[in-house]
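Participant: Take this structure first; my questions come after.
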Amino acid sequence: MGQRTYTVPEMHCAHCERAVVDEVSAVEGVTAVTVDLETKQVTVAGEELDDAAIRAAIDEAGYEVA
């Protein structure tokens, strides 16, 4: 299983967290998504993770990866 971490500086509340988790969880191969609002990091775990698809999902949630 692989893991990737992304910094998403605009996240600041539970709504932000839910939006990102919902979108990224829908990406093929993703098995877990963890958001740390304090560090502004999104950690994604899964098999054969597609970096571009994960970044697009975060964008679709309304946020930008730093």
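Participant: So, in segment 10-49, how many residues would count as being surrounded by fewer than 15 Cβ atoms within 10 Å (Cβ to Cβ), not β-branched (Val, Ile, Thr) and not in a strand (DSSP E or B)?
Facilitator: 14
Participant: Which of the residues that make up segment 41-55 are touching a residue at least 12 places away in the same chain (Cβ under 8 Å) and of a type outside the set (S, T, N, Q)?
Facilitator: Matches in segment 41-55: Val42, Val44, Ala45, Gly46, Glu47, Glu48, Leu49, Asp50, Asp51, Ala53, Ile54, Arg55.
Participant: Just need a number here: residues in segment 50-66 that are in a loop (DSSP other than H, G, I, E, B) and over 20 Å from Cys13 (Cα atoms).
Facilitator: Total meeting the criteria: 1.
Read the figures in this text as sums done on the coordinates, not as results from a lab. What you see is a predicted model, and the numbers here were worked out from it, not measured in a lab. Positions of Cβ are generated from backbone atoms using ideal geometry, with glycine treated the same way; all protein chains shown enter the neighbour counts.
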